[in-house]
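J.: Below you'll find the structure I mean.
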Amino acid sequence: MLLHHKFIDTAKKYGSKEYIVDRTLNRRITYSRALIVSLILSEKLQKYDPGFIGIMVPTSAGCLLSTLGVLMSGRVPVMINYSTGAAQNCEFAQKKCAFKTIITSKALLEKIQCPVVPGMVFLEDIMASISVVDKLAAALRSKLPAAVLKRSVAQGHEDDNIVILFTSGSEKEPKAVQLSHKNISANLKSLSEVYEFGEKDIVLGNLPLFHVFGQTAHAWLPVWTGMTVVTYANPLDFKGVCDAVREEKVTIMAGTPSFFWGYGNKANQGDFDTCRIMLAGADKCPDALRKLYSERHGKTLLEAYGCTETSPGLCVNTVQHNRPGSVGKPLPGVRVRLENYESGEECRVREIGKILVKGDNITKGYFDDFEATSMAFRHGWYDTGDMGWMDEDGYLWHVGRLKRFVKIGGEMVSLIKVEDVLEKFLPQGAKCCVVEIPDQMKGAKIVAAVTEAIDEKETLKKMAEQLPNIALPKQFVVIPELPQMGSGKIDFRTTTNMVRDKVQL
């Protein structure tokens, strides 16, 4: 099913129920009201070029309704990252996907000091252009039976694109990932099965919709189930997010570990009492973070694993089946294969290999990039570029990106593993990122970036008890604030460049 058609069914079924609680704009929008507004927007967008339309709007009612309006108008939304380099991201997206129109907000541009890019259309102007006649016509149209209403908006096939998302670009230039209605629907079906999501749930919408985690969990999970989404545009306003969770009685929270650190440290006793699912993904979840939620808030932080290309969920821990440290078991409908990175043979239990996946949630490929697509997809399997191993009970243990392994002395060393060990000996609240940089003598060496000065000699002595000598950092550099992507993940490419500059100095 097309998900904008699913929205019509859900809106007709739940009518007067709250769909969006926009904490930033202090607005509450019912499913019926959202249906009317999305129908109006779909008509307003007809005057723009067919094909793709960019959306650069923070997580809000405006972003969710614009997405629905774009799809109902027969166009495909291209979600644009506004957290860093917004103007360049707009121009990159326009060039990559060959489109002009970008829906954005004057308030956003002013806040992030982004210049106006040719092709930008402002949400404030679109809303101001809505007449009484527009409102009446859409209200009357919304009363039509769902079957009739669905025929009046854009048609298509479940394999059609529902969104274009860009990979993070934390390691190299972003790729344009095509996700279809079928891809995201498959993931929603699997997630709802294992977590028993339903109409009574209330999900916190704290993640940007240019990130796949936010796109599936915040834009489409409510549409799939009839639940309410509480949007909060700034995920870094830790106190504000905690207040929203408590006051709106949120039952589902999802986020990156860096965001959960902020929430866990800022929250008051009882802020998370109504949360039944707290799901961390997009980056490794440290033991110390799980301990913080368990001891201070009495909550189990569940770790999950996915990729932009997989809509995103692949493996999850659940309340009933949770193995801390692992990323959980594969979701229903998802197949996982561990493959030896040299021989291509399927790995034995506990043998580390490349993580390959297959399922209806996997993208058809990268837009206008045959080379990258052909390299990542083989015989129906998607090569995630990650490394991991499977235990006897079917739990997957993620050990890092293949690109975050370095070959030293003929052995493969996981930089993620080095980080995991180093984190245990850092001062409370300090963070680290371990990178590989060129070395004239040995070809490569491991350097650790830390946010606080440490006793290097003592730290290395402790690390040597858990790591071989070749895996120990040869140098430490202090970077008070590690650069992050908009999703909260560490920007490895920028961090590596910063480390190189400091080491050269």
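None of the figures in this text is laboratory data; all of them are computed from the coordinates on show. Only a predicted model underlies this, so the values are computations on that prediction, with no experimental measurement involved. Positions of Cβ are backbone-derived with ideal geometry, glycine not excepted, and every protein chain shown enters the neighbour counts.
J.: Amide H neighbours of SER180 under 5 Å, counting only residues 5+ apart in sequence or on other chains, H built in-plane at 1.01 Å?
T.: Close amide H contacts, sequence-distant or interchain: ILE162, LYS364.
J.: Sticking with this structure for a sec: Rank by packing, highest mean first: peptides 274-286, 308-320, 200-212, 144-156, with packing defined as the count of other Cβ atoms within 10 Å averaged across residues.
T.: Ranking, from highest mean packing down: 200-212, 308-320, 274-286, 144-156.
J.: Per DSSP H run of n ≥ 4, the term is -39500 (n - 2.57); total these for the chain, divide by its residue number, and report the mean residue ellipticity at 222 nm rounded to 500 deg cm²/dmol.
T.: -10000 deg cm²/dmol
J.: Let me ask something else about it. Kindly write out, for the range 311-316 in residue order, the coupling ³J(HN,Hα) from the Karplus curve 6.51 cos²θ - 1.76 cosθ + 1.60 (θ = phi - 60°), rounded to whole Hz, with x marking Gly and Pro.
T.: Computed from phi, the couplings for the range 311-316 are 6, x, x, 10, 10, 9 Hz.
J.: Can you order the peptides 108-118, 254-264 by their average number of other Cβ atoms within 10 Å per residue, highest first?
T.: 254-264, 108-118
J.: May I ask for the net charge around ALA233, where only other residues with Cβ less than 11 Å from the Cβ of ALA233 are counted and Lys, Arg are +1 while Asp, Glu are -1? Mind showing how you got there, number by number?
T.: Values: positive: ARG23, LYS111; negative: ASP22, ASP237.
Taking every Cβ under 11 Å from that of ALA233, the sum is 0.
J.: Quick check: from the Cα gyration tensor, does the range 15-63 come out rounded (a/c under 1.5), prolate or oblate?
T.: oblate
J.: Could you give the size of the charge dipole of the range 1-128 about its Cα centre, using +1 on the Cβ of each K and R and -1 on the Cβ of each D and E, expressed in debye and rounded to the nearest 20?
T.: 280
J.: For the range 204-217, in order, what is each residue's ³J(HN,Hα) by Karplus, 6.51 cos²θ - 1.76 cosθ + 1.60 with θ = phi - 60°, in whole Hz (x at glycine and Pro)?
T.: 7, x, 9, 9, x, 7, 7, 9, 4, 4, x, 4, 6, 6
J.: A follow-up question, please. Report for the chain the percent antiparallel among DSSP-assigned beta bridges with both residues inside it, nearest 5. Show your work: numbers first, answer last.
T.: Details: 46 of 76 bridges.
DSSP beta bridges in the chain are roughly 60 percent antiparallel.
J.: Compute the separation of the alpha-carbon centres of the range 351-368 and the range 181-202 and state it in Å as a whole number.
T.: 20
J.: Further question: Would you mind checking which residues have amide H under 5 Å from ASP386's amide H? H placed 1.01 Å from N; only 5 or more apart, or other chain.
T.: Those qualifying (amide H under 5 Å, at least 5 residues apart or on another chain) are ILE355, LEU402.
J.: Could you sort the peptides 446-458, 352-364, 44-56, 215-227 by per-residue average Cβ neighbour count (10 Å cutoff), highest mean leading?
T.: Ranked from most to least packed, the peptides come out as 215-227, 352-364, 44-56, 446-458.
J.: Got a sec to turn the phi values of the range 370-375 into Karplus ³J(HN,Hα) couplings, 6.51 cos²θ - 1.76 cosθ + 1.60 with θ = phi - 60°, whole Hz, x for Gly and Pro?
T.: 5, 4, 5, 5, 5, 6
J.: With unit charges on the beta carbons (Lys and Arg positive, Asp and Glu negative) and the dipole taken about the Cα centre of the chain, which residue among ASN206, GLY298, TRP224 sits farthest to the positive side?
T.: TRP224
J.: For every other residue with a beta carbon closer than 12 angstrom to the beta carbon of ALA138, add +1 if it is Lys or Arg and -1 if Asp or Glu, then tell me the sum.
T.: +3
J.: About its Cα centre, how strong a charge dipole does the chain have in debye, to the nearest 20, once Lys and Arg get +1 and Asp and Glu get -1 at the Cβ? Could the numbers behind the result be given before it?
T.: Numbers: 63 positive and 58 negative charges, 191 e Å.
Result for the chain is approximately 920 debye, rounded to the nearest 20.
J.: Report the Cα centroid-to-centroid distance between the range 1-53 and the range 239-314 in angstrom, as an integer.
T.: For the range 1-53 versus the range 239-314, the Cα centre distance is 28 Å.
J.: Once a ≥ b ≥ c are taken as the square roots of the eigenvalues of the Cα gyration tensor of the range 204-265, is the result rounded (a/c under 1.5), prolate (a/b larger than b/c) or oblate (a/b not larger than b/c)?
T.: oblate
J.: Under 5 Å between amide H atoms, partner at least 5 residues away or on a different chain: which partners does GLY205 have, H built in plane at 1.01 Å?
T.: VAL230, THR231, TYR232
J.: Let me ask something additional. For the chain, what does the alpha-carbon gyration tensor say about shape, rounded, prolate or oblate, given a ≥ b ≥ c as the root eigenvalues, a/c under 1.5 as rounded, and a/b over b/c as prolate?
T.: Details: a/c = 1.70, a/b = 1.65, b/c = 1.03.
Since a/c reaches 1.5 and a/b is larger than b/c, the shape of the chain is classed as prolate.
J.: Quick check: net charge around MET1, other residues with Cβ under 15 Å of its Cβ, Lys/Arg +1 and Asp/Glu -1?
T.: After counting each charged neighbour, the total is +2.
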